[in-house]
1. Give Val12, Val42 a once-over and let me know the one that is part of a loop (DSSP other than H, G, I, E, B) and either touching a Gly at 6+ places or on another chain (Cβ under 9 Å) or aliphatic (A, V, I, L, M) (or both).
2. For region 55-78, indicate whether the set of residues that are more than 10 Å from the chain's Cα centre (by Cα), farther than 16 Å from Val13 by Cβ, at pLDDT below 95 and not in a helix (DSSP H, G or I) is non-empty.
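The values are calculated or read from the model by the stated rules, or taken from the named source; none is laboratory data. As the structure is a computational prediction, the values presented were derived from the model and not from experiment. Note that each Cβ is placed from the backbone with ideal geometry, even for glycine, and that neighbours are counted across all protein chains shown.
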Amino acid sequence: MIATSMTRTPSVVSAADVRAHFRRSSYPQLANYVGAVDDGVVTLQGTAPSFYAKQVMQTIAARCPGIASVRNKVQVSKPAPR
């Protein structure tokens, strides 16, 4: 019997790679919300204009090759008083 070991290869995706992925999407302006990438986990940060924009960011980031998880720290701005 041959023993094998499974080692996890660290992600080589950088924040610049994720920003480039955003720029190729239909929402290139959302690239500004990409923070750090650490071992396949991307952190999104900043203040978005809506919950919809926050969800779109998370979806685009999750579909980026090499990203295993998204930490969405984006806050949604409060609407201006009328």
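1. Val12
2. Yes; the residues of region 55-78 include at least one that is more than 10 Å from the chain's Cα centre (by Cα), farther than 16 Å from Val13 by Cβ, at pLDDT below 95 and not in a helix (DSSP H, G or I).
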